[in-house]
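Colleague: Pasting a structure below so you can have a look.
The values are calculated or read from the model by the stated rules, or taken from the named source; none is laboratory data. Keep in mind it's a predicted model, so treat the numbers as computed, not measured. Positions of Cβ are backbone-derived with ideal geometry, glycine not excepted, and every protein chain shown enters the neighbour counts.
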Protein chains: 2
Amino acid sequence: MMKQNKYDDNDFFSAYTSMPRSVKGLEGAGEWHAFQRLLPNLQNKQVLDLGCGLGWHCRYAREQLARSVTGVDLSSNMLQMAREMTDDSSITYIQSAMEDVAFPDRAFDVVISSLAFHYVASFERISEKVCRYLKEGGNFVFSVEHPMYTARNEQDWHYDEQGNRLHWPVDRYQAEGLRDTPFLTAHVTKYHRTMSTYINSLIRAGFRIDAIEEPMPSVEMLSKLPEMKDECRRPMFLIISARKS
Amino acid sequence: MMKQNKYDDNDFFSAYTSMPRSVKGLEGAGEWHAFQRLLPNLQNKQVLDLGCGLGWHCRYAREQLARSVTGVDLSSNMLQMAREMTDDSSITYIQSAMEDVAFPDRAFDVVISSLAFHYVASFERISEKVCRYLKEGGNFVFSVEHPMYTARNEQDWHYDEQGNRLHWPVDRYQAEGLRDTPFLTAHVTKYHRTMSTYINSLIRAGFRIDAIEEPMPSVEMLSKLPEMKDECRRPMFLIISARKS
């Protein structure tokens, strides 16, 4: 099956690179403060980033003194811009679907991924691969769109006639699989899966769960951007920290 | 604070004892097949059931050859009926709020609880207590109403004008705490907490997560009771299996 690569559609990519998380980097991402808190000490570690996009997490890992960082992404647009923003021979970018890339067993101390796995058909397969790539005791920290958020195709609030947000609608939660969702200039294909599938796949692959987060925007962000208070009405993201055990 | 004890209100109790799960026991409970699957082998085990209600799980544990079973419940109505249905000197019923009851350290091999913890203010405290009561490697398996289900006071579908169920509304997810919810003949007070609070409290108390389930009705139940198909549109229950590690 052809892997979806909307980020190499130039209109879509241009809209993506205008988002706060693309312009400002990690500080522009509402969930970054929670993701950062779950990361282990990266000093001297060999780090893999699956779905590295513009390379913000890769560069962050090097600022935290990671020994080497490998970023994998399917989009040549993404990687070209990542390379332009990176001046560091210890960061390697690889253009590949993350389902297809292969590394030796126990090649990494830490594997991270930010908002990429909801584009992947089998999270079970990803969990097994990441577990193989990690050293014993290695950390796997990743974010995805929350299962409550991905359940319906629409991924939107339920509004009243005046356009007020009444509540967040959930439906088809137990029907895992493809969702066709509007995002920026296009419709993108995502995979909805349940909370239990995320957690049980990790455990079955050989991970121990260390923590999960359903982050809210930081107090600072809430005071700067009051419209973000609706983000407390339902979780948009899920972050899981697990360890190979 | 006075613990809520609606089950000793006779009208409420009479409505409760008419529910399929009260009349038919475990087979009448839509989530039982999933709960049962997560239970460890109970043979020769010392089992504690927190919020044992009519004692169905206690008697099941003895059928599975548990050495002894202790059931705790706040309601004298519940325990009176449980005792009437029980003819087994290895089952002990204790009338107490589960927050107040105390046992020696490492007194049990298995602690179970069915749909009771959403009545308890602090799940953190429960997790710590249960961890103390369990032997090393002991199992903790419990069900609660799903965080997606308890978020709003109403705990009900969103309907169109013809009374059709449009979707399940979520709101106030991140605002943990009291919810005032219609149930049977009364309003009951429940505590909403997030998925992350359930999981992280267990891990911090010293548990390792073995599996979580967001059960659907069994195929058999779906074919007998077609109106239960809506239960696949959102999860009503959350079951967690954890181990003292």
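Colleague: Does segment B:8-21 hold any residues that are of a type in the set (Gly, Ala, Ser) and part of a helix (DSSP H, G or I), and which are they?
Modeller: B:SER14, B:ALA15
Colleague: Quickly run through segment A:211-221 and pick out the residues that are at the interface with another protein chain (Cβ under 7 Å from one of its Cβ atoms) and more than 22 Å from B:ARG234 (Cβ to Cβ).
Modeller: Answer for segment A:211-221, where residues must be at the interface with another protein chain (Cβ under 7 Å from one of its Cβ atoms) and more than 22 Å from B:ARG234 (Cβ to Cβ): just A:ALA211.
Colleague: Looking only at strands (runs of 3 or more DSSP E) that lie completely in segment A:142-200, which have at least 3 residues being over 17 Å from the mean Cα position of the chain (by Cα), within 9 Å of chain B (Cβ to nearest Cβ) and within 24 Å of A:ILE239 (Cβ to Cβ)?
Modeller: Strands (runs of 3 or more DSSP E) meeting the threshold: A:165-170.
Colleague: Can we say A:HIS158 is surrounded by 15 or more Cβ atoms within 10 Å (Cβ to Cβ) and without any contact (Cβ under 8 Å) to a residue 12 or more places away in the chain?
Modeller: Yes.
Colleague: Sort out which residues of segment A:24-43 are surrounded by 20 or more Cβ atoms within 10 Å (Cβ to Cβ) and either β-branched (Val, Ile, Thr) or farther than 17 Å from A:GLU214 by Cβ (or both), and write them in order of number.
Modeller: Once the filter is applied, which keeps residues that are surrounded by 20 or more Cβ atoms within 10 Å (Cβ to Cβ) and either β-branched (Val, Ile, Thr) or farther than 17 Å from A:GLU214 by Cβ (or both), segment A:24-43 yields only A:LEU42.
Colleague: While we're looking at this one, here's another question. Quick one: which residue in A:GLU136, A:GLU161 is within 30 Å of B:ALA242 (Cβ to Cβ) and among the acidic types (Asp, Glu)?
Modeller: Selected residue: A:GLU136, the only one of A:GLU136, A:GLU161 that is within 30 Å of B:ALA242 (Cβ to Cβ) and among the acidic types (Asp, Glu).
Colleague: Among the residues of segment B:201-229, which ones are part of a helix (DSSP H, G or I), modelled with pLDDT of 95 or more and surrounded by fewer than 21 Cβ atoms within 10 Å (Cβ to Cβ)?
Modeller: Those that are part of a helix (DSSP H, G or I), modelled with pLDDT of 95 or more and surrounded by fewer than 21 Cβ atoms within 10 Å (Cβ to Cβ): B:SER201, B:ILE203, B:ARG204, B:ALA205.
Colleague: The conditions are (1) on the phi > 0 side of the Ramachandran plot; (2) surrounded by fewer than 15 Cβ atoms within 10 Å (Cβ to Cβ), and B:GLY55 fails exactly one of them. Which is it?
Modeller: (2)
Colleague: Against the conditions (1) over 19 Å from B:ILE209 (Cβ atoms); (2) crowded, with 16+ Cβ neighbours inside 10 Å, where does B:TYR133 fall short? Just the number, please.
Modeller: Unmet for B:TYR133, out of (1) over 19 Å from B:ILE209 (Cβ atoms); (2) crowded, with 16+ Cβ neighbours inside 10 Å: (1).
Colleague: Here's something else I'd like to know. Does A:ASN139 fit the bill of being at negative phi, surrounded by 19 or more Cβ atoms within 10 Å (Cβ to Cβ) and more than 9 Å from every other protein chain (Cβ to nearest Cβ)?
Modeller: Yes; evaluated as a whole, the condition is true for this residue.
Colleague: Please work out if B:LEU54 is without any contact (Cβ under 8 Å) to a residue 60 or more places away in the chain, under 17 Å from B:ASP8 (Cα atoms) and among the hydrophobic types (A, V, I, L, M, F, W, C).
Modeller: yes
Colleague: Kindly evaluate A:ALA242 against the criterion of being buried (at least 18 other Cβ atoms within 10 Å of the Cβ), without any contact (Cβ under 8 Å) to a residue 60 or more places away in the chain, of a type in the set (A, V, I, L, M, F, W, C) and within 12 Å of chain B (Cβ to nearest Cβ).
Modeller: So A:ALA242 does not fit the description; no.
Colleague: Return the pairs, sorted by first residue and then second, in which the second residue is among the hydroxyl-bearing types (Ser, Thr, Tyr), the first residue lies in segment A:136-152 and is under 27 Å from B:THR150 (Cα atoms), the beta carbons are less than 6 Å apart, and the residues are 6+ apart or on different chains.
Modeller: A:PHE142/A:SER113; A:SER143/A:SER114; A:PRO147/A:THR194; A:ALA151/A:TYR173
Colleague: Scanning segment A:171-196 for residues that are out of contact with any strand residue (DSSP E or B) (no Cβ under 9 Å at 6 or more places or on another chain) and free of Cβ contacts under 8 Å to residues at least 60 places away in the same chain, which turns out surrounded by the most Cβ atoms within 10 Å (Cβ to Cβ)?
Modeller: Across segment A:171-196, the extreme among qualifying residues is A:THR194.
Colleague: Any chance you could count how many residues in segment B:55-81 are under 24 Å from B:LEU38 (Cα atoms) and either in contact with an Asp or Glu (Cβ under 6 Å, 6 or more places away or on another chain) or of a type outside the set (D, E, K, R) (or both)?
Modeller: The qualifying residues number 15.
Colleague: Another question, then. Of all residues in segment B:118-139 being assigned to a helix (DSSP H, G or I) and under 13 Å from B:VAL72 (Cβ atoms), which is modelled with the lowest pLDDT?
Modeller: The selected residue is B:TYR119.
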